[in-house]
Amino acid sequence: MMFTSYMRTAVAIVLLALVANNTIAQFHFNDEDGYRLWLKYDALSDTPIANTYAKKITTVNVTMPSATGTVIQQELRYALGAMLPGTLHFRDSINDNQLLIGTPASSSAIKKSLSKKDLKHVGDEGFIIRSQTVAGKNVTLIAANSDIGALYGTFHFLRLLQTHQSIARLDISESPKVDVRMLNHWDNLSRYAERGYAGQSIWNWHKLPDYLDQRYYDYARANASIGLNGVSLNNVNATPEILTPQYLEKVAALADLFRPYGIKVYLSINFSSPHIIGGLDNSDPANPKVGQWWKNKANEIYQRIPNFGGFLVKANSEGEPGPGDYGRSHDMGANMLADALAPHGGIVMWRAFVYAHESGEERSKQAYSEFKPLDGKFRDNVLIQVKNGPIDFQPREPFSPLFGATPKTPMMMEFQVTQEYLGFSTHLVYLGTLYEEVLKTDTWAKGQGSTVGRVVDGSLFNNSISGMAGVSNIGADRNWTGHIMLQSNWYVFGRMAWDHELTAQAVAEEWARMTLSNDWEVVNTVTQIMMNSREIAVNYMTPLGLAHMMGTGHHYGPAPWVSELGRPEWNPVYYHRADKNGIGVNRTPTGESAIEQYHEPVRKLYSSTETIPEEFLLWFHHVPWDHTMRSGRPLWDELVHHYYQGAEDAAKMKTTWDGLEGKIDPYQFKQVQMALGIQAKEADWWRNACVLYFQTFSDMPIPEGLKAPKGTLEDYKAMRFPFAPGNTEPRRH
Ligand code: GCV
């Protein structure tokens, strides 16, 4: 049949109607797509606050001639130009109502105006922001000991404006509590990001070193704005090629670009590199040629990158090579690398995420068992990088007992920012509450007040170096993190790495103001959603201390029934141990004894089902289904109630968000709304699958008042996700 012009018109009309119905097509090019992150700098227009700002900042004077000075100048030109259009003038002489930025070295007037102790306590990276007189003029002064400190002060000042704070009488003094504040990218050289859910890796290795994507600059700005000072570029499951001249040239290009922003580059290394790319017979740390190879490699790196940060190492874990391959211990491997880096000021971050089925020891105990005896054996430039919990970034875990166990060895925190076990990039889970919960927990290592935060910042044991790493959730997606709200996790990680005493609530509010709106209703609603979100996810995924029940390999969705994989600890059944008698892992002395790794009185508190906080109950105890919980319900009913509560609250999050329509940018609104719809559906899926599965053990009915789960257990078991994102990529070595 001929395709007549009449038919063509009819098809066109139908297509047009479809497009008109499609809400995405209604968006405009200038709608907010999330690229600008929290550095949106929206115009303050004619608000009273804008008038006070405009009076207070009639001119800007950046006194440092360095590359960092230029970065500060550019940021202010862009930010103030956008927030207070038309009011901005740059000067190089001091006048009244000026924003004056500098260091004692860059300006003698600033130097003269400061007393000796003013900058004494802020260290190399801190700053002061003060309304004061300099050279007889009333200025707002941002001063620091270094240009980088001044950059951090500048971003802090801009944050005050972005969140509509008064700048009338400022007297702020800040410095970071932790030395190394870094993102760990688990990005492969192929641009595949392991456990990444926001598209490809942002590092375009193929186009580097000559093509420097604008994204790299914006990434550096974003990191500097929250005080991050390090980035490890590649996956801890590392390919040796990263250390070849071809790739080091690319790494150097990024390091040069990041330097003015105060960001050092680190690399994950493959322990077998001397053998694989160096042509040596082995990579045994006892082989002098191997030690020499690393020294030569370090020299080569520092020739290209004078401020190179150091190495991040995953050794003898999940199939990665390490000193154990030659019967050597972790300290021997770490110290060999430390010796190669030390002459250049570099550090080694050696990961404690090790477990092996051959050990026969229950998995949660293994890192402590391996590293506690090595306390005091590492060089001064080695930090041990420990995941927050003893297993692996679960929605909730107790803190790793390694925090507080090694007075002579700095323990560096590793948090996950990407959501491998928390719904990927479609579940809104604000991690500020998780970070705060962990950092504020008391280890009791040196009596009351020995918080995890104080172990990590080095103050508890007086360590000479401290660090915090976040496994990045950043990818090449236009909005960076695959979900606008999850930008807040990158943000809160940086803010808490700078100051672990900040509250999740305060940071959530600050982020919402900068990213979404300063309207009080939006700020309140969004902050409340964020603050509740993690507990909601815990409820619909792994309540009451359950863990690791995600689908095998990809970790997407529920699969608590998996029991037949090669190694016991690969199976979810290993982590919940449900049977006819009850559920949970007995980690007390009558069982796995992991509880013994904690200090008193934590040990005692967790030892009894009567005193343990119920959120950790099934982590430490195997509890009968009819055990009476604090609510008065039997355990089975309580567990089911948690699942139902989680799913119900996930649905409510979406309804609450729906109420923000028209109050924030339409595209931001719509993107989050769509993701919340997915989350609500998947929360139901988690609830139904888990409740139906555990019911096969409890043999108890769904509590009164709750509807029976939809579908059958067999339906849920049959679900397959061969192309779920983020899984490990097949390895070449
Ligand atoms: C980089 C978990 C993840 C792995 C990750 C590993 C680690 O096991 O599933 O993808 O590997 O942690 O932290 O090394």
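Extension gain, residue 249 to residue 43, is 70.1 nm, computed as 0.36 nm per intervening residue step minus the present C-alpha separation.
Averaging over all projection directions, the Cα-based convex hull of the range 577-650 occupies 5.5 nm² in the image plane. The orientation-averaged projected area of the convex hull spanned by the Cα atoms of the range 353-412 comes to 4.2 nm².
Shown here for the range 511-572: GluC sites (Glu not before Pro) in loop regions (DSSP other than H, G, I, E, B) with at most 10 other Cβ atoms within 10 Å, namely 564. Only Cα sites of the range 462-529 enter the Debye sum here, all with the same form factor; the resulting log10 I(q)/I(0) across q = 0.16 1/Å is -0.62, listed in q order. For the range 592-678, applying the loop criterion from DSSP together with a ceiling of 15 other beta carbons within 10 Å to the GluC sites (Glu not before Pro) yields 610, 661. Shape index of the range 175-323: Rg/Rh, with Rg the Cα radius of gyration and Rh the Kirkwood radius from the inverse mean 1/r over Cα pairs, equals 0.97. Based on alpha-carbon atoms, the Kirkwood radius and the radius of gyration of the range 39-174 give Rg/Rh equal to 0.93. Volume per residue for the range 444-576 equals 181 cubic angstrom (convex hull of Cα atoms). Reducing the range 241-295 and the range 30-68 to their Cα centroids gives an inter-centroid distance of 40 Å.
Dipole orientation for the chain: of the candidates 388, 338, 152, 152 has the Cα lying most toward the positive pole (charges on Cβ; Lys, Arg +1; Asp, Glu -1). Each peptide in 109-117, 323-331, 616-624, 415-423 gets a packing score, the mean of other Cβ atoms within 10 Å over its residues, and the list from highest to lowest is 415-423, 616-624, 323-331, 109-117.
Net charge within 15 Å of residue 554 by Cβ-Cβ distance, Lys/Arg positive one each and Asp/Glu negative one each, not counting residue 554 itself? So the surrounding residues net to -3. Take the Cβ atoms of residue 380 and residue 124, set R0 to 22 Å, and the FRET efficiency comes out at 0.75. Between the alpha-carbon centres of the range 662-718 and the range 544-604 there is a gap of 22 Å. Among beta bridges from DSSP that stay inside the chain, the antiparallel ones total about 30%. Quick check: net charge around residue 518, other residues with Cβ under 14 Å of its Cβ, Lys/Arg +1 and Asp/Glu -1? Within the 14 Å Cβ shell, the charges total -2. The separation of the range 105-128 from the range 171-216, counted between C-alpha centres, amounts to 31 Å. Taking 0.36 nm per residue of separation and subtracting the current Cα-Cα distance, fully stretching the chain between residue 604 and residue 518 would add 26.3 nm. Please report the base-10 log of the normalised intensity I(q)/I(0) for the range 180-502, using a Debye sum with one equal scatterer per alpha carbon and no solvent, at each q in 0.11, 0.15 (1/Å). Here the Debye-derived log intensity ratios amount to -0.65, -1.28.
Looking only at the range 39-174, where both bridge partners belong to it, what percent of the DSSP beta bridges are antiparallel (to the nearest 5)?
Working: 11 of 21 bridges.
Antiparallel bridges make up about 50 percent of those DSSP assigns within the range 39-174.
Out of the trypsin sites (Lys or Arg not before Pro) in the range 517-622, which ones are loop residues according to DSSP with at most 13 other C-beta atoms within 10 Å? Qualifying residues, ordered by number: 580. With equal scatterers on the alpha carbons only and no solvent term, can you work out the Debye log10 of I(q)/I(0) for the chain at 0.08, 0.11 1/Å? Calculated log10 I(q)/I(0) at the listed q: -0.68, -1.25. Placing a label point 7 Å from the Cα of residue 58 along the Cα-to-Cβ direction, the residues of the range 66-106 with a backbone N closer than 12 Å are 89, 95-99.
Once the other residues with Cβ under 13 Å from the Cβ of residue 705 are scored (Lys, Arg +1; Asp, Glu -1), what is the net sum?
Working: positive: 633, 707; negative: 637, 648, 704.
Taking every Cβ under 13 Å from that of residue 705, the sum is -1.
From largest to smallest, what semi-axes in whole angstrom does the range 26-112 give when each is the square root of 5 times an eigenvalue of its alpha carbon gyration tensor? Kindly include the intermediate steps, with their values, before the conclusion.
Working: eigenvalues 168, 59, 15 Å².
Sorted largest first and rounded, they come to 29, 17, 9 Å.
Length gained on full extension, residue 35 to residue 51: 2.9 nm, using 0.36 nm per residue less the C-alpha separation.
For a Förster distance of 30 Å, can you work out the FRET efficiency between the beta-carbons of residue 630 and residue 372, rounded to the nearest 0.05? Intermediate values should be presented prior to the final figure.
Numbers: r = 34 Å, r/R0 = 1.12.
FRET efficiency, residue 630 to residue 372: 0.35.
Taking neighbour Cβ counts within 10 Å as the exposure measure, how do 301, 276 sort from fewest upward?
Details: 301 24, 276 18.
Exposure proxy ranking, most exposed first: 276, 301.
Once R0 is set to 45 Å, what does the formula 1/(1 + (r/R0)^6) return for the Cβ-Cβ distance between residue 656 and residue 718, expressed as a FRET efficiency to the nearest 0.05? Efficiency, from the Cβ-Cβ distance: 0.85.
Extending 7 Å from Cα along the Cβ direction at residue 465 and again at residue 95 yields two label points whose distance is 4.8 nm. Model label points for residue 552 and residue 565, set 7 angstrom from Cα along the Cα-to-Cβ axis, are 0.8 nm apart.
Every number here is computed from the coordinates shown, using simple stated rules; none is lab data. Since this is a predicted model, take the numbers as computed values, not measurements. Cβ sites come from the backbone with ideal geometry, for glycine too, and all protein chains shown count toward neighbours.
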